[in-house]
Amino acid sequence: MKTKPVIIPIAAGKGGVGKSTLSANLAVAMARLGRKVGLVDADIYGPSQPRLLSTEGRRPEAEGNKMIPVQSPYGVPMLSMGHLVQPGQAIAWRGPMAGNALGQLIDAEWGDANVLIADMPPGTGDVQLSMVQKHKPIGAVIVSTPQDLALIDATRAIDLFRTSDVPIIGIIENMSGYACPHCGEISDPFGSGGAEAAAKEMGVPFLGRIPLAMDIRAASDAGQPPAAGNGPYAGAFMSIAEQLAAWIRTHGG
Ligand code: ADP
């Protein structure tokens, strides 16, 4: 019998820290490493993965009562609420409905994918609870920016997983230093290294940092994840994906 793919939520305590960007790029980077990986856009209320992975306007087909994921051009099958509603249509559901929607995305026909990266909504609400209680992720990745406030929020996200016995695979510091679009030099308007220090304090592994770079935003908006190319930031995503793949291997996924 086919086993269910293991689930790795990519979470953050608040929005705008780059969870979706990292989820898309880590899924693409893991596919480049040869892992059979799918992507679930669990950000039910604010889906952005169809744009990030160039599958806007596509609709999943159904097989029996299961959805068949949409194939992105980057070797990653994916499902998002954004594939089921019209662009810009408001998604205003109560908690239990959002939980059911998450279940439908996860219990789709994922083919030979044995890892699902799940881009979580911000915060610690119903979708998160449904994820940890019903879907039993194998381990979670936390994204934070270097600022203190984002770190405090990240701590809350970590607590949610820890109290549900979901191991924290590690923290990624995103927007870590500003990469000058002209010369590539990294400067630190908000400081950097905060997430690494916090990870150490909390006894959680630190997986790496991604700079704040205009190229990352522009490529993401154009549906061309930097991890798919050979530009200056692909290596940073690949390095984190390698650690993730190694963790999954040693934890039975
Ligand atoms: P979240 O999913 O946490 O709400 P997003 O991934 O949607 O955050 O990112 C928020 C915005 O920041 C997007 O416009 C995205 O392109 C941009 N962004 C994310 N990470 C970076 C980065 N490292 N460099 C530049 N822009 C980034």
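Odds and ends about this structure:
- The order of the peptides 113-123, 234-244 by mean Cβ neighbours within 10 Å, most packed first, is 113-123, 234-244.
- THR3-ARG59 FRET efficiency (beta carbon distance; Förster radius 35 Å; 0.05 resolution): 0.80
- In this structure, the amide hydrogen of ASN174, modeled 1.01 Å from its nitrogen in the peptide plane, lies closer than 5 angstrom to those of SER144, THR145, ILE210, counting only residues at least 5 positions away or on a different chain.
- Here the simple spin-label model places points 7 Å from the Cα toward Cβ, and for ARG249 and ILE186 these points are separated by 2.6 nm.
- Heavy atoms of THR155: accessible area, 1.4 Å probe, square angstrom to 10: 50
- Pairs of Lys residues in the range 1-141, spaced 8 or more positions apart or belonging to different chains, with C-alpha separations under 25 angstrom: 19 in total.
- Annotation: the antiparallel percentage among DSSP beta bridges lying fully within the range 129-253 is about 15.
- Among residues other than GLY229 with Cβ under 13 Å from its Cβ, the summed charge is 0 (Lys and Arg +1, Asp and Glu -1).
- Simple spin-label estimate for ASP159 and TYR45 in nanometres, 7 Å along Cα-Cβ: 2.0
- Mean separation of Cα contacts under 8 Å, 6 or more apart, over the residue count of the chain: relative contact order %: 26
- In the range 97-214, Cα pairs under 8 Å separated by at least six residues give a relative contact order of 23 percent.
- Estimated 222 nm signal from helices in the chain, with DSSP H stretches of n ≥ 4 weighted -39500 (n - 2.57), rounded to 500: -10500 deg cm²/dmol
- In order along the range 166-174, the Karplus-derived 3J(HN,Hα) couplings, from 6.51 cos²θ - 1.76 cosθ + 1.60 at θ = phi - 60°, round to 9, x, 8, 5, x, 10, 10, 9, 9 Hz, and Gly and Pro are given as x.
- A simple spin-label model places the labels of ASN100 and GLN86 2.3 nm from each other, with each point 7 Å out along Cα-to-Cβ.
- All Cα-Cα separations within the chain were binned at 5 Å from zero, giving a P(r) of 1, 7, 14, 19, 21, 18, 12, 6, 2, 1, 0, each value a whole percent of the pairs.
- Counting DSSP beta bridges with both ends in the chain, the antiparallel % (nearest 5): 20
- Under 5 Å, built H, 5+ apart or other chain: amide partners of THR55: none
- Mean-position separation - Cα centroids, the range 107-138 and the range 147-188, in angstrom: 20
The values are calculated or read from the model by the stated rules, or taken from the named source; none is laboratory data. Because the structure is predicted, anything quoted here is derived from the model rather than measured. In this analysis, Cβ positions are derived from the backbone assuming ideal geometry, glycine residues included, and neighbour counts consider all displayed protein chains. The area values use the complete protein model at the heavy-atom level, side chains included, leaving out ligands, DNA and RNA. Shrake-Rupley method; radii C 1.70, N 1.55, O 1.52, S 1.80 Å.
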